[in-house]
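Participant: Let me give you the structure first, and then I'll get to my questions.
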Amino acid sequence: MKLMEGKKGIIFGVSNSRGIAYAIAKQIHEAGAEIAFTYANEAMESRVRPLAEEMNSKMIVECDVTNEEQIKNVFAQYEKIYGKLDFVVHAVAFANKEDLMGDFIDTSKEGWDTALGISAYSLVSLARAAKPLFNEGGAILALTYLGSEKVVANYNVMGVAKATLEASARYLADNLGKIGVRVNCLSAGAVKTLAAKGISGFDRMLKAAILKAPLRRNVSLEDVGKTGLYLVSDLASGVTGEVVHVDCGCHCVYASYDEMAATYAYQKDNE
């Protein structure tokens, strides 16, 4: 029997086959689960539908996560097709491009509201709508990043949004623990995705991660996908309110010897 056989759930945020959300969905599907998919708007449907159909999804619907009525309708449709719910994956984040460059201090009120509304409050909205459908032992998983804990160049308001997401997940873990539902965050390291290309200097981040990481490599999409599978499965039945880092150990190291040596060499070369 496969790990997720008989389990059913929904994933918000798959947009292409080279993203973290897809990597997690793939692992969950291969473990035997049924997955419903959403897409953000009509323009995204042509990207998401083939990926969902590849996983034999019975439900592929539009959902703007800032629209409470759309969220309610999504879960109403889900209940008609699948019945009960075992997992929800929240892989939704957005910030205006101009807020992912320059200084954080210049973030506009509009940019702040956009980033935190889409990237963090949406988790609360989804959890509230999902709550009545959950089986005991269910799980919610949200995607975050180290920029929530440390200053990362050009991550800016998205770092604040991810910190808000993580705090929200802890409060939701307390609320939903009463009905046996777990809520966790997965903090993936720097990994090549289409979304990451929107962060200025990302290629340098990848190189720096190899020097810093105890495993001396970048994390892979497969690494992240497998951890996502673990967190929504019964293998993580006692894990809730956590931020699980999947970054080859980057988060635990201030500066590796290799990194310091490379910095020293760079300084010497530029004297």
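Participant: Within region 151-192, which residues are in a helix (DSSP H, G or I), under 24 Å from Y254 (Cβ atoms) and in contact (Cβ under 8 Å) with a residue 60 or more places away in the chain?
Facilitator: Across region 151-192, the qualifying residues are M158, K162, E166.
Participant: Name the residue, out of A261, A190, A163, A255, that is in contact with an Asp or Glu (Cβ under 9 Å, 6 or more places away or on another chain), modelled with pLDDT under 95 and either surrounded by 17 or more Cβ atoms within 10 Å (Cβ to Cβ) or not β-branched (V, I, T) (or both).
Facilitator: One residue alone meets the criteria, A190.
Participant: If you go through region 223-237 one residue at a time, how many are loosely packed, with under 15 Cβ neighbours inside 10 Å and either modelled with pLDDT under 95 or among the aliphatic types (A, V, I, L, M) (or both)?
Facilitator: 1
Participant: Counting only residues that are within 19 Å of L186 (Cα to Cα) and basic (K, R), which one in region 1-50 is surrounded by the fewest Cβ atoms within 10 Å (Cβ to Cβ)?
Facilitator: Looking at residues that are within 19 Å of L186 (Cα to Cα) and basic (K, R), I get R18.
Participant: Now for a separate question. Could you look through region 56-107, keep only residues that are of a type in the set (F, W, Y) and closer than 20 Å to L123 by Cβ, and pick out the one that is nearest to the chain's Cα centre (by Cα)?
Facilitator: F94
Participant: Quick check on my filter: what residues within region 133-153 are buried (at least 19 other Cβ atoms within 10 Å of the Cβ) and either of a type in the set (A, V, I, L, M) or at positive phi (or both)?
Facilitator: L133, A139, I140, L141, A142, L143, L146
Participant: Identify, by number, the condition in (1) crowded, with 18+ Cβ neighbours inside 10 Å; (2) under 23 Å from L231 (Cα atoms) that A95 doesn't meet.
Facilitator: In the conditions (1) crowded, with 18+ Cβ neighbours inside 10 Å; (2) under 23 Å from L231 (Cα atoms), A95 misses (2) alone.
Participant: Which members of region 55-92 meet the condition of being over 20 Å from E42 (Cα atoms), of a type in the set (V, I, T) and surrounded by 16 or more Cβ atoms within 10 Å (Cβ to Cβ)?
Facilitator: Result: V88, V89.
Participant: Give me the helices (runs of 4 or more DSSP H) completely within region 66-150, filtered to those with at least 2 residues that are β-branched (V, I, T) and under 25 Å from A173 (Cβ atoms), ordered by residue number.
Facilitator: The helices (runs of 4 or more DSSP H) meeting that bar are 68-82.
The values are calculated or read from the model by the stated rules, or taken from the named source; none is laboratory data. Predicted model only: the values in this text are computed from it and were never measured. Methodologically, a virtual Cβ is constructed for each residue, glycine included, from the backbone with ideal geometry; neighbour enumeration extends over all protein chains shown.
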